[in-house]
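**Q** Quick one: this structure, given as structure tokens, is what I'll be asking you about.
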Amino acid sequence: QVQLVESGGGLVQAGGSLRLSCAASGRTFSPYIMGWFRQPPGKEREFVASIRWISGSTFYIDSVKGRFTISRDNAKNTLYLEMNSLKPEDAAVYYCASGAYGSRPEQGKGMDYWGKGTLVTVSS
């Protein structure tokens, strides 16, 4: 089994920054791809960004391009999301997830393991 634990959420003013972390553990942790998702209050969960674990190739939704950066530390089995220029519409519970080969997080397909989320609140 794989366990994913997010941290780093909190309250920030619009225009501010936060860095989320997702620590992975478990003997079988060997993802092909990892992603960040978010669920704003009263809305469905949406994909935010992904990174292929070995190659480092990244993908973002348009609304966060240029503001958010997804990265990973393979040695520490940790995924990050650096969020800058935060807007009130970025407020959500942020989840990390991992997927095996063939997973398509940007399409909401095939992510095997999920964390429990960390809350990001952005005040205007």
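**Q** Pull out a ≥ b ≥ c, the square roots of the eigenvalues of the alpha-carbon gyration tensor of segment 14-59, then state rounded if a/c is under 1.5, prolate if not and a/b is larger than b/c, and oblate in the remaining case.
**A** Details: a/c = 1.86, a/b = 1.69, b/c = 1.10.
Prolate is the answer for segment 14-59, as a/c is 1.5 or above and a/b outweighs b/c.
**Q** Treat each spin label as a single point 7 Å out from the Cα along the C-beta direction, and report the S71 to T58 distance in nm.
**A** 0.8 nm
**Q** Moving to a separate point now. Take the solvent-accessible surface of the protein heavy atoms, probe 1.4 Å, and return the percent of it on the chain that carbon and sulfur atoms account for.
**A** Numbers: 3130 of 6620 Å².
C and S fraction of accessible area: 47 percent.
**Q** For L11 and D112, FRET efficiency with R0 = 22 Å and r from the beta-carbon atoms, rounded to 0.05? Working shown, then result.
**A** Working: r = 31 Å, r/R0 = 1.42.
Here the calculated transfer efficiency is 0.10.
**Q** How large is the Rg to Rh ratio of segment 75-124 when both quantities use alpha carbon positions and Rh follows Kirkwood?
**A** Details: Rg = 13.2 Å, Rh = 12.8 Å.
Ratio of gyration radius to Kirkwood radius for segment 75-124: 1.03.
The values are calculated or read from the model by the stated rules, or taken from the named source; none is laboratory data. Everything numeric in this text was worked out from a predicted model, so none of it was measured. Don't worry about glycine lacking a Cβ; one is built from the backbone with ideal geometry, like all the others, and counts go over all protein chains shown. The protein model used for the area step is the full one, side chains on, heavy atoms only, and it has no ligands, DNA or RNA in it. Shrake-Rupley method; radii C 1.70, N 1.55, O 1.52, S 1.80 Å.
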